[in-house]
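The values are calculated or read from the model by the stated rules, or taken from the named source; none is laboratory data. Everything numeric here is computed off the predicted structure, so don't read it as measured data. Every residue, glycine among them, receives a Cβ derived from its backbone with ideal geometry; neighbour counts consider all protein chains shown.
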Amino acid sequence: MSERLSRKQVAWRIAQDIEDGAYVNLGIGQPELVANYVPEGREIVFHSENGILGMGPEPAPGEADEELINAGKKPVTLVPGGAFFHHADSFAMVRGGHIDICVLGAFQVSAAGDLANWSTGRPGAVPAVGGAMDLAAGARRVFVMMDHRTKDGEAKIVERCGYPLTGRGVVTTIYTDLAVVDVGGSGLVAREIVDGLDFSDLAGRTGAPIRLADDWRRIAAPAL
Amino acid sequence: MIDKRVASLADAVAGIGDGAVVLISGFGEAGNPTELVHALIDHGASDLTVVNNNAGNGHVGLAALLEAGRVRRIVCSYPRSSHSEVFQSLFAADAIELETIPQGTLAERLRAAGAGIGGFYTPTTVGTPLAEGKESRVIDGREYVLEMPIRAEFALIKAECADRWGNLTYRLAARNFGPVMCMAADVTIVQVRRFAELGGIDPETVVTPGIFVDRVVEVPEPMSERAAIERQERYP
């Protein structure tokens, strides 16, 4: 029985790959956890699509201001050095390649780096895209944070996405509860795997051809 | 003499006719011109096309305008946020048209309208269902999709402070779509918490210059949509 990483551990693992000085956009939901695990000594500037650079953590109780919220409409704070700007500037940052990394959740990622995370395509579903397609197309690196398989055991890393795409060939790296997988011109490469899981088992839980990096290693995440 | 100040919310929304395209600022509960939207409900225009990032919160502001049956079509990026129950039920009943646009494309289409740009190419949506039927083109080896400007007859905006020339400042992240929407409408109508004397706003801090603004009205204590949702308030 292999160990799965908790969501917090996946968030911790992603944070280790964000370099000092990076401008980073965290998607709504699970990716927001990444901000809690920035390694000490690194200065990282968080961008919020609604016009904030230098977004800080949740305010203390009673300090919330409804005009200072994040993309998920939750109250946040501004760190010293932070700035406000309007939506066209905010998305010029995203679409103009100025955001170094965005971290997004996903329904599926294909071996070619196609991302599906905005719609299940179910009849009657309300199509709501927000900033996901802009981030997918515009951020320099797109990190995906998701479970390796669905609750029903279906692979979420697939040959071709069955859900409507958010972006084509945009994903750089996939961080799951089982592995860190790079997506590149030569296909999927497992860079790190959780303790107790063989590569063959990982490949069996991945819905597209994957190979093991020569310098692969075990994920060393603290208990979280 | 230039004086864009108007005395009442009713004066502010005067002239908005049936079938108009109306831009409404705001993101979630920040930056919504709730009092102007309520004045628009009282004013009575219907068959409207509304452009907003979302599709209304609770039963006030834009949600109340939808609930009053005044909106034929909504153009937005994210109509599924929490507290969007009014829109959800109208959409499920096929009682409203929806055009979903990526948020950055929405902002840029508004900016393009304001800047006199006839259209632009963006890589956002390439390979996705939202690019279907749109002209595309390869530039320097990368595929782009053609997007057209969104122009409107009216914009309803919330800002923080205005002088009689219509110069505007905003507060925190309530700025969001305000500046680009001010540029993109024939008649831009702004509610502010306070008026300043001409010259009373430091020119270095003006975010929207008055050239983009037509009417300003003072609403010193605008409604908190978040609090209104908690109180389950409705308008009217």
Out of the residues in the stretch B:95-118 that are at the interface with another protein chain (Cβ under 10 Å from one of its Cβ atoms) and acidic (D, E), state the one that is nearest to B:N176 (Cα to Cα).
-> B:E108
Out of (1) buried (at least 22 other Cβ atoms within 10 Å of the Cβ); (2) aliphatic (A, V, I, L, M); (3) more than 10 Å from chain A (Cβ to nearest Cβ); (4) under 20 Å from A:D114 (Cα atoms), the one B:V138 does not meet is (1)
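Quick check on the stretch B:195-207. Is at least one of its residues closer than 15 Å to B:L9 by Cβ and either touching a strand residue (DSSP E or B) at 6+ places or on another chain (Cβ under 9 Å) or outside any loop (DSSP other than H, G, I, E, B) (or both)? Before you say what the answer is, go through the steps one by one.
Taking the stretch B:195-207 as the starting set, the residues that turn out to be closer than 15 Å to B:L9 by Cβ are B:195.
In the following step, the residues that additionally are either touching a strand residue (DSSP E or B) at 6+ places or on another chain (Cβ under 9 Å) or outside any loop (DSSP other than H, G, I, E, B) (or both) were identified as B:195.
The answer is yes, given that some residue of the stretch B:195-207 is closer than 15 Å to B:L9 by Cβ and either touching a strand residue (DSSP E or B) at 6+ places or on another chain (Cβ under 9 Å) or outside any loop (DSSP other than H, G, I, E, B) (or both).
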Residue that is nearest to the other protein chains (Cβ to nearest Cβ), among those in the stretch B:208-236 that are in a helix (DSSP H, G or I) and not charged (D, E, K, R) = B:A227
Can you tell me how many residues in the stretch B:64-101 are closer than 21 Å to B:L36 by Cβ and assigned to a strand (DSSP E or B)?
-> 6
Within the stretch B:72-84, is there a residue that is more than 9 Å from chain A (Cβ to nearest Cβ) and under 18 Å from A:A125 (Cβ atoms)?
-> yes
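Return yes when B:F87 is facing chain A (nearest Cβ under 7 Å), modelled with pLDDT of 95 or more and closer than 24 Å to B:G69 by Cα and no when it is not. Lay out the reasoning, then the answer.
Details: facing chain A (nearest Cβ under 7 Å): no; modelled with pLDDT of 95 or more: yes; closer than 24 Å to B:G69 by Cα: yes.
So B:F87 fails the test.
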Residue check, B:E29 modelled with pLDDT under 95 and crowded, with 17+ Cβ neighbours inside 10 Å = yes
Hey, does the stretch A:13-34 have a residue that's under 30 Å from B:N32 (Cβ atoms), of a type in the set (S, T, N, Q) and surrounded by fewer than 22 Cβ atoms within 10 Å (Cβ to Cβ)?
-> yes
Note on the stretch A:103-127: residues of a type in the set (G, A, S) and modelled with pLDDT under 95 are A:S119, A:G121, A:G124, A:A125
Out of all the residues in the stretch A:20-53, which are free of Cβ contacts under 8 Å to residues at least 60 places away in the same chain and acidic (D, E)?
-> A:D20, A:E32, A:E40, A:E43
Provide a single number: the residues in the stretch B:46-73 that are out of contact with any Asp or Glu (no Cβ under 7 Å at 6 or more places or on another chain) and either modelled with pLDDT under 95 or not hydroxyl-bearing (S, T, Y) (or both).
-> 18
When every residue in the stretch B:177-206 that is in contact with a Ser or Thr (Cβ under 7 Å, 6 or more places away or on another chain) and touching a residue at least 40 places away in the same chain (Cβ under 8 Å) is compared, the one surrounded by the fewest Cβ atoms within 10 Å (Cβ to Cβ) is B:I201
Listed by first then second residue, the pairs whose first member lies in the stretch B:210-236 and is in contact (Cβ under 8 Å) with a residue 60 or more places away in the chain and on the phi < 0 side of the Ramachandran plot, whose partner is of a type in the set (V, I, T) and assigned to a loop (DSSP other than H, G, I, E, B), with beta carbons under 6 Å and at least 6 positions apart or on separate chains, are B:R215/B:V6; B:V217/B:V6
Which of (1) touching a His at 6+ places or on another chain (Cβ under 9 Å); (2) under 22 Å from A:P39 (Cβ atoms); (3) buried (at least 17 other Cβ atoms within 10 Å of the Cβ) is the odd one out, the single condition A:R205 does not satisfy?
-> (2)
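Of the residues A:S110, A:S90, which single one is in contact with a Gly (Cβ under 9 Å, 6 or more places away or on another chain), within 14 Å of A:G51 (Cα to Cα) and of a type outside the set (F, W, Y)? It would help to see each step written out before you state the result.
Numbers: A:S110 fails: within 14 Å of A:G51 (Cα to Cα).
Only one candidate qualifies: A:S90.
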Any idea which residue in the stretch B:141-160 is nearest to the chain's Cα centre (by Cα), counting only those that are surrounded by 13 or more Cβ atoms within 10 Å (Cβ to Cβ) and basic (K, R)?
-> B:K158
Unmet requirement for A:L224, which otherwise passes all of (1) of a type outside the set (G, A, S); (2) loosely packed, with under 14 Cβ neighbours inside 10 Å; (3) touching a Lys or Arg at 6+ places or on another chain (Cβ under 6 Å) = (2)
Could you identify the single residue in A:V10, A:V24, A:V34 that is part of a strand (DSSP E or B) and more than 14 Å from every other protein chain (Cβ to nearest Cβ)?
-> A:V24
In the stretch A:111-126, how many residues are more than 23 Å from the chain's Cα centre (by Cα) and more than 8 Å from chain B (Cβ to nearest Cβ)?
-> 3
In the stretch A:90-110, how many residues are surrounded by 19 or more Cβ atoms within 10 Å (Cβ to Cβ) and either in a helix (DSSP H, G or I) or touching a Lys or Arg at 6+ places or on another chain (Cβ under 9 Å) (or both)?
-> 13
